[in-house]
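Below is one structure, written out as structure tokens, with a few remarks after it.
No lab work stands behind these numbers, since they all come straight from the coordinates. Note that the structure is a prediction, hence the values are computed from the model and not measured. Because the Cβ atoms are built from the backbone with ideal geometry, glycine has one as well, and the counts that use them run over all protein chains shown.
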Amino acid sequence: MRRLIFFLPFTVLFITGCGAIFPLAAPPTLTIQPDEVGVLFNSFNGDVAVLGAGTYSVQRDTSITVYPLSQQEFVMANIPAQDDSVDTRTLDGQALLVDISVVYRIDSDRVTDLYTRWYDRYQEDFIRPTLRSAVREVVSRYTAEDLYADDGQNLSVELQNVLETAFSSEGLILENVTVSNLTFSGPFAEAIERRTQAETEVYNAQQTSEAIRLTAQADADAARATAEALQRTPTPRP
């Protein structure tokens, strides 16, 4: 985001002792690119206006704030140099860390709402607390077992629905929500690992038992076929 402010008159003239006149200041200009949108604020009367792509002279007592219209990403996760996962608890009280990221863009038709309410603080003052609150709200509806079995897929869908409404009300368009990782508490994770290992051992034992049964059945079928073939073979006469 960029901002340019001008509080002086268009041109200030300085008259020297010999009568020479020199301009001291000229109005600054600002160029807004096609993938940006500007908000013009008049500090004298409080008016706010939207500016499209183009080059503008910043008038007296006005400021222009430029916002990107391209997609932006906001991540809350445990990544290098940033431990920002959302800490929460499941329906059955299990501690859980959720890594989440959202892709969004600014609604050019609602950019004045964004400017008036958040100015340049929309990521830290709106998106971050909104993500944290939504994650905690949705996670509290599920048990740890449900989330583990689903690997967070239903969680992403529900968060998309909840956050779309919240973002839209502030002039933001939510494109995508991704829950990239769920970190369960140590005891729960260890219990799941033990259960998974036990289930794997049972499955392997069943597979081995079935393989032995099929082999025995195949041997029995082969022996039966051989016996039947011998019975059908005529005995040679002397």
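Tabulated values for the structure
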| quantity | calculated |
| --- | --- |
| Computed magnitude of the charge dipole of segment 46-90 (debye, nearest 20; Cβ of K, R +1, Cβ of D, E -1) | 160 debye |
| Computed E for residue 140/residue 221 - FRET, C-beta separation, R0 45 angstrom, nearest 0.05 | 0.20 |
| Segment residue 185-residue 161, length gained on full extension (0.36 nm per residue, minus Cα span) | 5.9 nm |
| Farthest positive-ward along segment 90-148 dipole, Cα basis, beta-carbon charges - from 118, 106, 133 | 118 |
| Ordering of 32-40, 49-57 by packing [mean C-beta count within 10 Å, highest first] | 32-40, 49-57 |
| Label point distance in nm, residue 50-residue 29, each placed 7 Å from Cα along Cα→Cβ | 2.5 nm |
| Ordering of 208-218, 154-164 by packing [mean C-beta count within 10 Å, highest first] | 154-164, 208-218 |
